[in-house]
Amino acid sequence: MNKTVWHREWFSNVKADILAGTLVALALIPEAIAFSIIAGVDPQVGLYASFSIAVITAFCGGRPGLISAATAAMALLMINLVKEHGLEYLLAATVLTGILQVIFGWLKLGRQMKYVPRAVMIGFINALAISIFMAQLPQLIGVPWQVYPMVAGTLAIIYILPRFTKAVPSPLVAIIVITAIASIGGIKVPTVGDIGGFPASLPSFKLPQVPLNLETLQIIFPYAFSMSIVGLLDSWLA
């Protein structure tokens with residue numbers, strides 16, 4: 001890559017890139033935490049994973065219009081694996097998922113997505129929405145009454161604000177406004193900090209500590225295969 005091409009790709013639209021990056025980063029934090037809760041892992045795991053995905057994609061690949069971030073569709077598939085076998089097996093399943101998706105790309109399976117019926121895609125989206133809602137219900141049980149009007153206010157901002165402006169993502173506005181109300185008003189509601197602490201330093205790199213045998217493969221392959229297919233569907237929908 002010569003200097004002209006490198007400069008055009010990285011510095012041709014600095015202002016918009018900084019704004020977009022800032023908005024995505026702010027929106028990604030609560031999203032990653034929420035999906036971590038769904039998957040049953042510590043929130044810092046989701047934050048580190050989302051950070052890694054964003055950085056690796058920015059420097060090593062991707063294309064215009066492609067979103068690389070945490071997704072609830074994948075998080076829902078991890079629940080039983082984390083509950084029954086722990087985080088180490090989830091990491092191993094994630095590595096295998098990546099290998100399978102590389103194979104799918106080499107086989108050009110993405111081209112076959114055009115044959116999937118529209119009804120199947122609508123059912124996939126609706127089932128995902130219902131599953132996310134059901135996974136979040138435990139977070140609304142046994143909480144202070146102030147939580148419920150704040151949830152209603154959040155939903156109101158998310159769905160009403162786009163009718164007036166789309167300059168700023170409505171979920172991001174909802175997060176900022178509701179958080180400010182809770183902080184300024186001193187409203188005692190559950191926070192992310194109640195779920196677990198966050199370390200002051202970056203994590204160290206390590207490989208999953210799982211036995212490399214057929215039994216491990218039998219455990220992680222069904223999850224990895226499911227995640228790779230759902231990831232393919234999710235990418236196609238985006």
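Which values, in whole Å and largest first, are the semi-axes of the equivalent ellipsoid of segment 88-137 obtained as the square root of 5 times each eigenvalue of the Cα gyration tensor? Don't jump to the answer; show the numbers that get you there.
On the way: eigenvalues 122, 98, 4 Å².
Values for segment 88-137, descending: 25, 22, 4 Å.
Please calculate how many Å² of accessible area the chain carries per residue, with a 1.4 Å probe and no DNA, RNA or ligand atoms counted. Mind showing how you got there, number by number?
On the way: 16100 Å² over 238 residues.
So the chain comes to 68 Å² accessible per residue, rounded to a whole number.
The 3J(HN,Hα) values that the Karplus relation (6.51, -1.76, 1.60; θ = phi - 60°) gives for segment 109-123 are, in residue order, 5, x, 5, 7, 5, 5, 8, 6, x, 4, 4, 5, 5, 5, x Hz. Gly and Pro appear as x.
Tell me the mean residue ellipticity at 222 nm calculated for the chain from its helices only (DSSP H runs of n ≥ 4, each -39500 (n - 2.57), averaged over every residue, nearest 500). Before the final figure, lay out each step's value.
Values: 9 runs with 159 residues, N = 238.
It comes out at -22500 deg cm²/dmol, rounded to the nearest 500.
Listed by chain and number, the aspartates and glutamates placed with their C-alpha closer than 12 angstrom to that of residue 114 amount to none; residues fewer than eight positions away on the same chain are left out. Here the Karplus curve 6.51 cos²θ - 1.76 cosθ + 1.60, taken at θ = phi - 60°, turns the phi angles of segment 168-181 into couplings of 10, x, 4, x, 5, 4, 4, 4, 5, 5, 5, 5, 5, 4 Hz, with x standing for Gly and Pro. Between the entries (i) 1.69; (ii) 0.97; (iii) 0.95, the label attached to Rg/Rh (Cα atoms, Kirkwood Rh) calculated for this structure is (ii). Based on C-alpha pairs under 8 angstrom that are at least 6 apart in sequence, the chain has a relative contact order of 29 percent.
Of the listed peptides 97-105, 142-150, 226-234, what is their order by residue-averaged count of other C-beta atoms within 10 Å, with the highest listed first? Write down the numbers at each step before the final one.
On the way: 97-105: 14.8, 142-150: 12.1, 226-234: 19.2.
Output ranking for 97-105, 142-150, 226-234: 226-234, 97-105, 142-150.
The values are calculated or read from the model by the stated rules, or taken from the named source; none is laboratory data. Note that the structure is predicted; figures quoted are calculated from it, not measured. Using ideal geometry, Cβ is built from the backbone for each residue, glycine included, and neighbour counts are taken over all protein chains shown. Surface accessibility is based on the protein's heavy atoms, side chains included, excluding ligands, DNA and RNA. Shrake-Rupley method; radii C 1.70, N 1.55, O 1.52, S 1.80 Å.
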